[in-house]
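The values are calculated or read from the model by the stated rules, or taken from the named source; none is laboratory data. Everything quoted here is computed from the prediction, not taken from an experiment. FYI the Cβ positions are ideal-geometry reconstructions off the backbone, even for glycines, and counts take in every protein chain you see. Areas reflect the complete protein model, heavy atoms only, side chains present, ligands, DNA and RNA absent. Shrake-Rupley method; radii C 1.70, N 1.55, O 1.52, S 1.80 Å.
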Amino acid sequence: MKKDFLAIADFSTEELQDMLENAIAMKKEWREHGNAAILKGKSLAMVFQKPSLRTRVSFERGMEQLGGSALYLSPQEIGLGQRESIADVARVLSGYVDAVMARVFSHDHILELAKWSSVPVINGLSDYNHPSQAMADAMTILEEFGTLKDIRVAFLGDGNNVAISLMYICAKLGAHFIFSGPEGYQLPQADVEKASQIAKASSGSVSIIPDPKQAVAGVDVIYTDTWTSMGQEEEAKQREAVFPAYQVNEEIVDLAHEHVIVLHCLPAHRGQEITDPVADGPHSRLFPQAHNRMHAQKAILAYLMAD
Ligand code: CP
Ligand code: NVA
């Protein structure tokens with residue numbers, strides 16, 4: 001059966017650990033003498049319904065570094081589900097390329113692509129989750145602390161796609177995940193329950209602490225993301241009114257462990273969810289984290305596509 005990369009919850013702890021170890025090994029190999037061409041002659045179609053800097057460039061460079069090639073298809077070109085049905089796009093692309101990565105609005109669209117595609121499909125962000133981002137997040141935590149076991153990770157802000165995938169990877173790898181956000185913007189209850197069950201098996205935990213100051217007390221990692229995700233632009237004003245208490249600023253960082261690292265998937269809205277002194281300060285790992293996307297994704301591509 002073909003493999004897809006649609007959600008962190010679909011993978012076992014061992015599979016995730018293997019991919020992360022491979023990501024770290026590939027980063028080292030790339031720095032020392034370049035990666036082996038394990039995807040020579042293979043190609044990846046990259047379908048985007050929304051803008052992207054990191055996902056697009058890191059997947060494209062990742063494919064090149066493994067000896068393959070990548071093809072960018074903009075929203076205007078494909079018109080996924082508008083110009084042509086998703087089922088038809090999936091079946092056509094499957095005859096041209098060896099895998100498809102897609103960034104979509106509705107999560108159902110990525111599921112539909114995967115259903116009809118005969119080549120692996122990778123989720124490059126949907127309204128529900130962002131699993132390739134979570135792989136780079138976990139890789140960055142691993143590089144810093146050597147493990148995710150017993151690491152305390154606090155996410156401040158919106159219970160969005162990035163927060164959901166981060167919660168699942170923390171649960172799978174034995175970290176203690178803490179969510180803190182305003183009423184009305186919580187993580188979906190079904191995912192909190194599912195991730196809590198997963199965390200039990202790995203001796204991790206999932207907790208919701210509404211007070212952001214309590215949530216970050218003594219933690220090892222503070223994570224935040226935009227208050228308004230792509231597709232929610234009309235709600236921006238309303239959101240800007242309720243989120244300021246969850247801003248990651250120096251006062252918040254001072255409450256965490258002294259070795260705390262601050263992560264953000266980017267793009268950042270400086271002065272909103274994160275301040276300049278934190279984003280550019282000694283605890284920030286924002287740019288190594290963004291760079292790790294490329295290596296984490298090479299591990300995903302190798303897992304799905306290498307012979
Ligand atoms: N973090 C992330 O996915 O960035 P882009 O939207 O630029 O791809
Ligand atoms: N939550 C953000 C992440 C961007 C990478 C969004 O969906 O817009």
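Structure notes:
- Each residue of the chain gets 123 Å³ once the volume of the Cα convex hull is shared out per residue.
- Angle of helix 161-172 to the longest C-alpha principal axis of the chain, folded into 0 to 90 degrees and rounded to 10: 80°.
- Two-decimal Rg/Rh across region 197-258, once Rg and the Kirkwood Rh are taken from alpha-carbon atoms: 1.06
- Computed 3J(HN,Hα) for region 131-140, one whole-Hz value per residue from the Karplus formula 6.51 cos²θ - 1.76 cosθ + 1.60 where θ = phi - 60°, is x, 5, 5, 4, 5, 5, 5, 5, 4, 5, glycine and proline marked x.
- Per residue accessible area of region 145-250, 1.4 Å probe, in Å²: 40
- Over 21 Å between alpha carbons, listed pairs LYS3/LYS42; LYS2/LYS149; LYS2/LYS28; LYS172/LYS200; LYS3/LYS298: LYS2/LYS149; LYS2/LYS28
- Scalar couplings 3J(HN,Hα) for region 58-74, obtained by applying the Karplus form with A = 6.51, B = -1.76, C = 1.60 to θ = phi - 60°, are 6, 5, 5, 5, x, 4, 4, 5, 9, x, x, 9, 9, 10, 8, 10, 7 Hz; x denotes Gly and Pro.
- Here the sum of -39500 (n - 2.57) over DSSP H runs of 4 or more residues, divided by the residues of the chain, equals -13500 deg cm²/dmol at 222 nm, to the nearest 500.
- ILE178 long-range amide H proximity, modeled H, under 5 Å: VAL153, ALA154, PHE155, SER207
- Within region 243-262: backbone nitrogen closer than 11 Å to the ILE209 label point (7 Å, Cα to C-beta): 255-257
- Over 16 Å [Cα-Cα, region 195-307], rounded percent: 68
- Apportionment of accessible area to carbon and sulfur, region 93-234, percent (1.4 Å): 52
- J(HN,Hα) series, region 108-122, from Karplus relation 6.51 cos²θ - 1.76 cosθ + 1.60, nearest Hz, glycine and proline x: 4, 5, 6, 5, 5, 4, 5, 4, 9, 8, 9, 10, x, 10, 10
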